[in-house]
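K.L.:
Following this message is one structure expressed as structure tokens.
All of the numbers you see were taken from the coordinates with simple rules; none came from a lab. All figures in this text were calculated on a predicted structure; none of them were measured in a lab. Cβ atoms come from the backbone with ideal geometry, glycine included; neighbour counts cover every protein chain shown.
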Amino acid sequence: MSANKSNSKFNRSKKSPLPRWTVIIGAVLIQTCLGAVYAWSLFNDPLMDKFGWDKESVVMTFSIVICTFAFSTVIAGRMQDVLGPRIVALLGGLLLGDGLILASRATEIWHLYICYGVIGGIGIGTAYVTPIATCVKWYPDKRGFIAGIAVVGMGLGGIVFKPIIMKLVQAVGVSPTFFYLGVIYAVVIMVGAQFLRLPPKGYQPPGWRRPVMRAAMDFSTAQMLRTKQFYTLWFMYFLGCASGLIVISIAVNIGTEYVGIPAATAAYAVVAIAVANAAGRPFWGMVSDRLGRMNSLVVIYLITSIMMFYLAMGGMGAAMFFVTMTLIGFGYGGFLSIFPSISADYYGTKYIGMNYGLLYAAWGASAFVGPFLRNFVTLQHSFFIAGVLSMLAVIAAYSMKHPIIKENFMPTVAA
């Protein structure tokens, strides 16, 4: 009798006190605010007009915020593993809000770099990792799809906030716009943080059993760094994102300078890429749940490579330009949904905050590939190089195997 009671108690502990889908609400609210960073170009001209700063100096703010954002996820991931997602998300929202509010008082370009670029970037990176880590813990049965849903807001943020930013800038000016956005981001992220909670220890969705090949092994960060698979994954993530960002970061310029279409027409490429990027995240995540992570990545890398080689050939019209931009954006979204799932599959979810934070640093590093190439080679050669990088990633994906557990390096086993 006592054994039966004990087993019943254990089974009850694996049930969720609230529907698990509620964590998705928090994830989408948080990520949509964070994704507004991709609308930075809307601030370029207003800042140049108000302060007389040159374009290169103003655009540098975006590079700073992206770099700070990417590398701050490592520390934030560790904090999330220790303190839990809600507290870290709240901190991220406050930092992002404070960064923009302080940026509203900026009168020198270096003020903007520190307030928006550094403080705001740390806020984005701090809040970014929490929804992903939380959602994959609640959905071990649909990791790919749910990771895509968790980050879909990041892809849509620029579209959602574009009309808000434009109206605010027109109504009150660029500096007050930073203030109002800081308040909006902080409030919405803090509301979203209330939906983030960890599942009960040993939680499994009703009717689902963990596959034997995917044992619940939790690698600490030190243990993960001792596997060759981590470095291969980092390399693959870097190559995929670098290929995508080479095009995404200058899509309008490609249309005007390389394809020869009017600027007003080429501007629609930004919207096409944003929509495709957002749609690709849940789509490829769902496909990876069925087809397998590496098989799905092989398909995405092949599509990306073909599009890059096609761009390198030149001579395309407006229609094929938009088709190419859309497919590249669609594949790019897949990278950002599949790699969090791979991190959980390979290294468990107990330390996923810091583990995925380190893997995500590959995205931050990849952002510098495009500007670097543009200083030394033509657009055509950049596309060819991106195609070759994607093919290297295909080879790496084919050779990837699950981490091997060695006797002197046994990870902790989740209960």
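K.L.:
Between Asn253 and Met48, what length in nm is gained on full extension when 0.36 nm per residue of separation is reduced by their alpha carbon distance?
P.N.:
71.8 nm
K.L.:
So how much slack lies between Ser57 and Ala319, counting 0.36 nm per residue of separation and subtracting their Cα-Cα distance, in nm?
P.N.:
Working: separation 262, 0.36 × 262 = 94.32 nm, distance 3.38 nm.
Residue separation times 0.36 nm, minus the Cα-Cα distance, leaves 90.9 nm.
K.L.:
Determine the alpha carbon to alpha carbon distance for each of Lys137/Lys401; Lys142/Lys167; Lys162/Lys401 and list only those over 31 Å. Spell out each step's value before the answer.
P.N.:
Details: Lys137/Lys401 22 Å; Lys142/Lys167 39 Å; Lys162/Lys401 42 Å.
From the list (Lys137/Lys401; Lys142/Lys167; Lys162/Lys401), the Cα-Cα distance tops 31 Å for Lys142/Lys167; Lys162/Lys401.
K.L.:
What net charge do the residues around Val88 carry, taking every other residue with its C-beta under 13 Å from that of Val88, with Lys and Arg at +1 and Asp and Glu at -1? Please report the intermediate quantities before stating the final value.
P.N.:
On the way: positive: Arg78, Arg86, Arg197; negative: Asp81.
Charge balance in the 13 Å sphere: +2.
K.L.:
Using label points projected 7 Å from each Cα along Cα→Cβ, tell me how many nm separate Gln229 and Met166, to one decimal.
P.N.:
Reported label-point gap for Gln229 and Met166 is 4.6 nm.
K.L.:
Cut-off under 15 Å on the C-alpha distance; same-chain residues fewer than 8 positions from Lys201 excluded. Which aspartates and glutamates are left, in chain and number order?
P.N.:
Asp81, Asp218
K.L.:
A further question on this structure: What is the dipole size for the range 19-193, taken about its Cα centre, with +1 at each Lys and Arg Cβ and -1 at each Asp and Glu Cβ, in debye to the nearest 20?
P.N.:
Charge dipole of the range 19-193: 560 debye, to the nearest 20.
K.L.:
Listing Ser399, Ser341, Ser104, Ser57 from the residue with the fewest other Cβ atoms within 10 Å to the one with the most, what is the order?
P.N.:
Ser399, Ser57, Ser104, Ser341
K.L.:
Sort 171-178, 240-247 for me by packing, meaning the mean count of neighbouring Cβ atoms within 10 Å per residue, highest on top. Present the calculation step by step, with values, prior to reporting the outcome.
P.N.:
Numbers: 171-178: 17.0, 240-247: 26.5.
The peptides rank, most packed first, as 240-247, 171-178.
K.L.:
If you find the alpha carbon centre of the range 50-97 and of the range 305-340, how far apart are they in angstrom?
P.N.:
28 Å
K.L.:
Still on this structure: Which one, (1) 0.96; (2) 1.08; (3) 0.99, gives Rg/Rh (Cα atoms, Kirkwood Rh) as derived from the coordinates shown?
P.N.:
(3)
K.L.:
Going by how many other Cβ atoms sit within 10 Å of their own, how do Met154, Met60 line up, fewest first?
P.N.:
By the 10 Å Cβ count, ascending: Met60, Met154.
K.L.:
Taking the chain as the reference, fit the longest principal axis to its C-alpha atoms, fit the long axis of helix 85-103 to the helix C-alpha atoms, and give the angle between the two in degrees, 0 to 90, nearest 10.
P.N.:
The angle comes out near 20 degrees.
K.L.:
Any idea what angle helix 143-172 forms with the longest principal axis of the chain, computed on alpha-carbon atoms, 0 to 90 degrees, nearest 10?
P.N.:
Rounded to the nearest ten degrees, it is 30.
K.L.:
As a check on your grasp of the helix formula, calculate [θ] at 222 nm for the chain: sum -39500 (n - 2.57) over DSSP H runs of n ≥ 4, divide by the residue count, round to the nearest 500.
P.N.:
-24500 deg cm²/dmol
K.L.:
Given contacts defined as C-alpha pairs under 8 Å and at least six residues apart, what's the relative contact order of the chain, whole-number percent?
P.N.:
Worked out over the chain, it gives 25 percent.
K.L.:
How do 217-226, 61-70 rank on mean C-beta neighbours within 10 Å, highest first?
P.N.:
My ranking of the peptides, most packed first, is 61-70, 217-226.
K.L.:
What are the aspartates and glutamates whose alpha-carbon lies under 17 Å from the alpha-carbon of Lys55, with same-chain residues fewer than 8 places away excluded?
P.N.:
Asp45, Glu108
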